[in-house]
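Trainee: Got a structure for you, questions after.
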Amino acid sequence: MAVTIDRTATTEHAPSPPARLSLTPGKARGRLDGAWWPRSRDLSRELPALAERLDHSWGRVTRVTVNPAFWPVIPRKVPVTGHTVHVGWFAKEQDPHKLLVFSSTADRLDLLIIPPETDPAAAARLVSAATTPGSLLTASRLMEDERAADDATESRDREHRRIFSGRGR
């Protein structure tokens, strides 16, 4: 996938609905600190809502990094109420299903990125898995497991339809 780096900072953005974000409870963190389910693949539109939500509960977001695999345009800077969030990307070094969020206090969150087109039931399972305290599963592993479970369900449903349609005899 070709990646476009947008070197301009948008000065205005349409108000976004609140970020769909869930953080791991307590102090027993694992490889992931939570899950984020954006509504689109438009970072300029999605990051302000995420940053605003985290600014209030975690600390001012100063920088995020992504893997460009699923983002058609990566802005260098995104304006958020009262400040700017800098955006970086790593093609090989960063899990494509993970967003790294950095705060002004030098803290870091590793968030599973649930693709916007994900079915709500699958998203709920992914959020639950990503926010399990002490989990050692990576973002890509969670996505692979969900894809495998979805494939198994699809295969079982096809077989079920075949048998009950009278063609399985």
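Trainee: Ordering E52, E93, E144 by how much accessible area each has at a 1.4 Å probe, largest first, what is the list? Write out the running numbers ahead of the final one.
Mentor: On the way: E52 60, E93 145, E144 100 Å².
The most accessible residue leads, giving E93, E144, E52.
Trainee: Using 0.36 nm per residue, how much length does the chain from E52 to V73 gain when fully extended, once their Cα-Cα distance is taken away?
Mentor: Details: separation 21, 0.36 × 21 = 7.56 nm, distance 2.10 nm.
Computed gain between E52 and V73 is 5.5 nm.
Trainee: Further, regarding this structure: What Rg and what Dmax come out for the stretch 80-146 when only alpha-carbon atoms are used, in angstroms?
Mentor: When restricted to the Cα atoms of the stretch 80-146, Rg and Dmax are 13.6, 39 Å.
Trainee: Still on this structure: Spin-label point model (7 Å from Cα, Cβ direction): what's the E93 to A124 distance in nm?
Mentor: Going by the 7 Å Cα→Cβ label model, 3.9 nm.
Trainee: Which length gain, in nm to one decimal place, applies between A148 and S165 when the Cα-Cα distance is subtracted from 0.36 nm times their residue separation? Walk me through the numbers on the way to the answer.
Mentor: Values: separation 17, 0.36 × 17 = 6.12 nm, distance 2.56 nm.
Fully extending the segment from A148 to S165 adds 3.6 nm.
The values are calculated or read from the model by the stated rules, or taken from the named source; none is laboratory data. Keep in mind the model is a prediction, meaning the values are calculated, not measured. Cβ coordinates were reconstructed from backbone atoms using ideal geometry, including for glycine residues, and neighbour counts include every protein chain displayed. The protein model used for the area step is the full one, side chains on, heavy atoms only, and it has no ligands, DNA or RNA in it. Shrake-Rupley method; radii C 1.70, N 1.55, O 1.52, S 1.80 Å.
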